[in-house]
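Report on the structure given below.
The values are calculated or read from the model by the stated rules, or taken from the named source; none is laboratory data. Small disclaimer: the values here were computed from a predicted structure and weren't measured. Here the Cβ positions follow ideal geometry from the backbone for every residue, glycine too, while neighbour counts run over all protein chains shown. Note: areas computed on protein heavy atoms with side chains; ligands, DNA, RNA excluded. Shrake-Rupley method; radii C 1.70, N 1.55, O 1.52, S 1.80 Å.
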Amino acid sequence: MITFTAGAVVLDIEGTTGSAAHVREVLFPYARQRIADWFAVHRGTARHAELVRAAGAAEESDAVRILTEWADADVKAAPLKTVQALIWAAGYADGSLHGHVYEDVPGALAAWADAGIGRWVYSSGARPAQRDWFSHTAYGDLTRHLDGYFDLENTGPKQDPGSYHRIGGTLGVPAGQILFLSDAPAELAAAAEAGWQTVRVHRPEDPPVAEPGPHPTVQTLTEIQVVRP
């Protein structure tokens, strides 16, 4: 057990609280196959026009092509994340999709909530997609255990220390009292540069780590105890 003193915990999703394979093998293909259909169904709406412009296109067909190319390359671009979230929302609503969370996550979130620790999510997925992920899980609706969400559009890139400074300003918690959990070393490095405490989550099914790196590493969230300052 590793103990941290913190007023807020900020969590990544993919590879940290949920399976990266579920994102790559289920969610991404589901959205990619439906990009053209989404634009066709929403033709003439303000959201349609907004996303065409955001993709840097003049025509719907160009937007579909660009967004599909971004999806194939897993580009962390806000317009792609927005349309993915819209497509996934329909899938969650009709029961075609669910959000994957590891079995240790609900208990950890509940324990931190009981201890008065703030619980936030920071993911490249758009905020609506994050909420849908946690509200449609095998363990029920977990959004009651979360205080809010940060994404690329309202915060910035996850490898930029400035993004973590912005989150800290929003939370109103000193940088040294924020704990960030992620599976991505580059994200952890950016958070550490911003003065945050960091933990690398390396799930048992992940490939072995060649270099341990500077961040404490756990396999499950139950290995982390958080106490208020």
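Report whether or not residue 89 is touching a strand residue (DSSP E or B) at 6+ places or on another chain (Cβ under 9 Å), closer than 19 Å to residue 18 by Cβ, of a type in the set (A, V, I, L, M, F, W, C) and open to solvent by 10 Å² or more (accessible area, probe 1.4 Å). Can you show your working first?
Details: touching a strand residue (DSSP E or B) at 6+ places or on another chain (Cβ under 9 Å): no; closer than 19 Å to residue 18 by Cβ: yes; of a type in the set (A, V, I, L, M, F, W, C): yes; open to solvent by 10 Å² or more (accessible area, probe 1.4 Å): yes.
When the stated conditions are applied, residue 89 does not pass them.
For residue 164, work out the one condition from (1) surrounded by 21 or more Cβ atoms within 10 Å (Cβ to Cβ); (2) farther than 21 Å from residue 4 by Cα it doesn't fulfil.
Just one mismatch for residue 164, condition (2).
Here's the yes/no breakdown for (1) at pLDDT 95 or above; (2) within 18 Å of residue 22 (Cα to Cα); (3) open to solvent by 30 Å² or more (accessible area, probe 1.4 Å); (4) among the polar types (S, T, N, Q):
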residue	(1), (2), (3), (4)
60	yes, no, yes, no
74	no, yes, yes, no
85	no, yes, no, no
110	yes, no, no, no
125	no, yes, no, no
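Name the residues in the stretch 23-39 that are surrounded by fewer than 12 Cβ atoms within 10 Å (Cβ to Cβ) and farther than 18 Å from residue 129 by Cα, would you?
Listed by number, the list holds a single entry, 37.
Just name the residue that is farthest from residue 29 (Cα to Cα) out of those in the stretch 64-98 that are touching a Phe, Trp or Tyr at 6+ places or on another chain (Cβ under 9 Å) and among the β-branched types (Val, Ile, Thr).
64
Can you pull out every residue in the stretch 102-148 that is among the basic types (Lys, Arg) and farther than 16 Å from residue 89 by Cα? Outline the logic, then answer.
To start, the set of residues in the stretch 102-148 that are among the basic types (Lys, Arg) comprises 119, 127, 131, 144.
119, 144, listed by residue number.
Can you name every residue in the stretch 189-219 that is open to solvent by less than 40 Å² (accessible area, probe 1.4 Å) and polar (S, T, N, Q)?
198 - this is the single residue of the stretch 189-219 that is open to solvent by less than 40 Å² (accessible area, probe 1.4 Å) and polar (S, T, N, Q).
The rows are residues; the columns are (1) under 16 Å from residue 8 (Cβ atoms); (2) among the aliphatic types (A, V, I, L, M).
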| residue | (1), (2) |
| --- | --- |
| 115 | yes, yes |
| 118 | yes, no |
| 131 | no, no |
| 159 | no, no |
| 169 | yes, no |
| 172 | yes, no |
| 176 | yes, no |
| 190 | no, yes |
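Within the stretch 159-187, track down each residue that is among the charged types (D, E, K, R) and in contact (Cβ under 8 Å) with a residue 40 or more places away in the chain.
Within the stretch 159-187, 183, 187 meet the criteria.
Just to be sure I understand the filter: pairs with C-beta atoms under 7 Å, separated by 6 or more residues or on different chains, first member in the stretch 4-18 and more than 17 Å from residue 142 (Cβ to Cβ), second member buried (at least 23 other Cβ atoms within 10 Å of the Cβ) and of a type in the set (Phe, Trp, Tyr). Which pairs pass?
none
Please tell me if residue 56 is over 19 Å from residue 125 (Cα atoms), touching a helix residue (DSSP H, G or I) at 6+ places or on another chain (Cβ under 7 Å) and open to solvent by 60 Å² or more (accessible area, probe 1.4 Å).
Here the answer is yes, as residue 56 does meet what is asked.
What tally of residues in the stretch 78-101 results from selecting those that are touching a residue at least 60 places away in the same chain (Cβ under 8 Å) and either more than 14 Å from residue 34 (Cα to Cα) or in contact with a Cys (Cβ under 8 Å, 6 or more places away or on another chain) (or both)?
Keep residues of the stretch 78-101 that are touching a residue at least 60 places away in the same chain (Cβ under 8 Å), which gives 78, 81-82, 88, 91, 96-97, 99-101.
With either more than 14 Å from residue 34 (Cα to Cα) or in contact with a Cys (Cβ under 8 Å, 6 or more places away or on another chain) (or both) added as a condition, the list becomes 78, 99-101.
Within the stretch 78-101, residues that are touching a residue at least 60 places away in the same chain (Cβ under 8 Å) and either more than 14 Å from residue 34 (Cα to Cα) or in contact with a Cys (Cβ under 8 Å, 6 or more places away or on another chain) (or both) number 4.
So which residues in the stretch 197-229 are within 15 Å of residue 16 (Cβ to Cβ) and either in contact with an Asp or Glu (Cβ under 7 Å, 6 or more places away or on another chain) or of a type in the set (D, E, K, R) (or both)?
Passing the criteria: 200, 201, 202, 203, 205, 206, 220, 221, 222, 223.
From 95, 99, which residue is over 26 Å from residue 46 (Cα atoms) and surrounded by 16 or more Cβ atoms within 10 Å (Cβ to Cβ)?
Answer to the check: 99.
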